[in-house]
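Following: one structure in structure tokens, then a few remarks.
Nothing in this text is a laboratory measurement; each read-out follows from the coordinates by a stated rule. These numbers come from a predicted model, not from an experiment. We place every Cβ from the backbone using ideal geometry, glycine too, and count neighbours over all the protein chains shown.
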Amino acid sequence: MTTEDLSREIILDHYQNPRNHGRLEHPTLANRGHNPLCGDEIELSIGIDEAQERVRDIAFTGRGCSISQASASMMTDLVKGQTLDEVQAAVQSFTQRMANREAPPRELDEELDALQGVKRYPARVKCALLPWTTLRETVDLYRHREHAPDSADGVVLDCTDAP
């Protein structure tokens, strides 16, 4: 099996069997990302352990191409249980790797490397980045929000400037 075949299989598996798909009942924060160029949409709901600034739980819903939905599935698997600093580092790392125009690695060390093949199609890179951009904006919103008494009910915002 070639690296390209393995990448395609991983993306297809996450698209057909998404991890963490749905909405959290009582999220700390919820946020929407939308790519107006292709119509992809992602909604993240995140439960944050505020004492530890750690992602307690995360879920997503959305519609769009297999790349955006698989990327959201992989992303939620990766960041669940991480601190917000670790989440921000993961978003930065993934974004930089997707921006790097070099060929994808020959061997896949982790599932996220399956998305590296998308770089051959520049218009599709934005599909892979949409969940990550939405997550980055969600963490920023959390860190800069007013601490209102009803903040546990969650906030839903539309981030239309997502790539």
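Loop-resident trypsin sites (Lys or Arg not before Pro) (DSSP state other than H, G, I, E or B) in the range 1-87 with no more than 15 further Cβ atoms inside 10 Å of their Cβ: ARG23. Per-residue extension of 0.36 nm, minus the Cα-Cα distance of ASP5 and GLU25, leaves a gain of 3.5 nm for this segment.
Proximity of backbone amide H atoms, modeled 1.01 Å from N, is registered between GLY62 and GLU43 at under 5 Å, excluding neighbours fewer than 5 places apart on the same chain. Applying the criteria of a DSSP loop state and at most 11 other Cβ atoms within 10 Å to the GluC sites (Glu not before Pro) of the range 1-79 yields GLU25. In terms of surrounding Cβ atoms within a 10 Å radius of their Cβ, THR28, THR83, THR134 rank from fewest to most as THR83, THR28, THR134.
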